[in-house]
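I have placed the structure first, in the form of structure tokens, so that the comments after it can refer back to it.
The values are calculated or read from the model by the stated rules, or taken from the named source; none is laboratory data. Worth saying up front: this structure is predicted, and the values here are computed from it rather than measured. Ideal geometry is used to build each Cβ from the backbone, glycine not excepted, and the neighbour counts take in all protein chains shown.
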Amino acid sequence: MATVVLVGVQWGDEGKGKATDFLAAKADFIVRYQGGNNAGHTVVVGDEEFRLHVIPSGILHKDKTCIIGNGVVIDPAVLVAEIRGLEQRGVQMARLFISERAHLILPYHRLWDAVEEERKGKGKIGTTRRGIGPAYSDKAARTGIRMVDLVNKEVFRGLLRENVDCKNAYFERVYGAERVSFAEILSAYEEYADILGKYVTDTALMLHRAIAAGKNVLLEGAQGTLLDIDHGTYPFVTSSTPTAGGACLGAGIGPRAIDTVIGIAKAYTTRVGEGPFPTELHDELGKEIRDKGREFGTTTGRPRRCGWFDAVIARYAARINGLDYLCVTKLDVLTGIPRLRICRGYRWGGEELEGFPASLDCLSACEPVYEDLPGWDEALGEVRRLEDLPVQARRYLERIAELSGVPVLLVGVGTRREQTIVCRDVF
Ligand code: GDP
Ligand code: IMO
Ligand code: MG
């Protein structure tokens, strides 16, 4: 397997958790490299469902080393609850490590996220309100607090004091909002430091040694290409770099260490939160896909907007991430829809566009150019070989690969680990 990056192709929730869990069987190290607890990665093992937010989706395999990389922002309250919840279900944390360089999410980040969304009103981003954007803002402003600072009580106290004073002044004067309490945060975070301290280490050095020793490393992205701060539908994006380059930054490895990049794409498209979505279905069919695909946010429970597969997005993601393969998930959800559509291109101002527009005005005005394909009625949940899929389902997958320019490696036909078709052997 060597070093493999797994990245979302669309607006998140493509099934990265399930794919990571599936591929983790071949990996020694599994690394989350960006995002925070805005992510919700669902993994179903046997009859048990696990919802992971910060811990890598490889944790459900015994004997794998799981790393929370420096590019992740950590809400320690959420991480401690996640560790405890998993331990109660018999999952071992002995091989969990957290980068000392990962930044913290603090209560003032959550408050800031909320008041900023309120201020924006109708123009809100529709964030998860987990404090993600503000935590990354502090990181970029060089006022953030890292895990290495959390575990040094003196250092933490000083940094917290400075931040709380500054943020409170800002909350009061700019937003007329409530203040946060230094003493309350200090006491809670000192407790988190005691619990999390043993996991905190130089994870980039660990990975360097692992790669040099020929270990297999799987880097798990959160969110997706169109939520990327640089390449996504800005400003309706998250504040980190889910795209493949972010794996280098967020894990502390060089670009030449990466051997393979796999894009995870749903067989249709979904989006949570605001922002343009050219192939969105506003009709009954959109609702039908939402119900059949159980398209409700893992983190916030919000209904996901649903639409047709968009090959313009897939081609864009292939370029930005350098995709070697696609993993197409949730093909089973499309069973019973008589006519399926794939968006082949965007028409704008009388011509078909080559790239993916940066201007949201342009993207909102783009008219999808569709190809229609016949659907199928057979349930796919028991299919394990490509050749056993209905011919229409195979044709649908082939067209996705042709229009995206990327071969299909895996196909998902259900939530469970084993409901996966392996199309080609690369590992
Ligand atoms: P992630 O954020 O990319 O990990 O995706 P989520 O876990 O938020 O959302 C994907 C949802 O689809 C989860 O509930 C998964 O259990 C489910 N899922 C993943 N792959 C498949 C599949 O192939 N078929 C079906 N029916 N569900 C799937
Ligand atoms: P996973 O890893 C889907 C969306 C939010 C919002 C925007 C910004 O499960 O695929 P943020 O809280 O990050 O500032 O919100 O990004 N968003 C996601 N959408 N899946 C996710 O993660 C997401 N994480 C953030 O809905 O539109
Ligand atoms: Mg999710």
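So, restricting to strands (runs of 3 or more DSSP E) that lie completely within the range 18-120, which ones have at least 2 residues that are closer than 26 Å to Arg161 by Cα and either among the hydroxyl-bearing types (Ser, Thr, Tyr) or under 20 Å from the mean Cα position of the chain (by Cα) (or both)?
96-99
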- Query: Restricting the search to the range 295-307, which residues are within 12 Å of ligand 3 (Cβ to nearest atom), at pLDDT 85 or above and either farther than 18 Å from Glu49 by Cα or in a loop (DSSP other than H, G, I, E, B) (or both)?
  - Reply: Glu295, Gly297, Gly301, Arg302, Arg304
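Could you list all residues from the range 201-258 that are assigned to a loop (DSSP other than H, G, I, E, B) and within 16 Å of ligand 3 (Cβ to nearest atom)? Don't jump to the end; show me each part of the working.
Quick first cut of the range 201-258, residues assigned to a loop (DSSP other than H, G, I, E, B) only: 202, 213-216, 221-224, 228-244, 252-254, 258.
Across the range 201-258, the qualifying residues are Gly221, Ala222, Gln223, Gly224, Asp228, Gly232, Val237, Thr238, Ser240, Pro242.
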- Give Thr233, Thr238 a once-over and let me know the one that is hydroxyl-bearing (Ser, Thr, Tyr), on the phi < 0 side of the Ramachandran plot, in contact with a helix residue (DSSP H, G or I) (Cβ under 8 Å, 6 or more places away or on another chain) and within 16 Å of ligand 1 (Cβ to nearest atom). Thr238
- When the residues of the range 402-423 are filtered to those that are surrounded by 19 or more Cβ atoms within 10 Å (Cβ to Cβ) and among the small types (Gly, Ala, Ser), which remaining residue is nearest to the chain's Cα centre (by Cα)? Gly412
- Per-region count, the range 268-289, residues out of contact with any strand residue (DSSP E or B) (no Cβ under 7 Å at 6 or more places or on another chain) and assigned to a strand (DSSP E or B): 0
- Message: If Ala177 meets every condition in (1) at pLDDT 95 or above; (2) assigned to a loop (DSSP other than H, G, I, E, B); (3) aliphatic (A, V, I, L, M) apart from one, which number is that one?
- Response: (1)
- Task: For residues that are aliphatic (A, V, I, L, M) and surrounded by 24 or more Cβ atoms within 10 Å (Cβ to Cβ), scanning just the range 238-257, find the one that is nearest to Ile313 (Cα to Cα).
- Result: Ala244
- Item | Members of the range 378-401 that are more than 26 Å from the chain's Cα centre (by Cα) and either crowded, with 20+ Cβ neighbours inside 10 Å or not assigned by TED's automatic domain parsing to the domain that holds Val333 (or both) | Val383, Leu389, Ala393
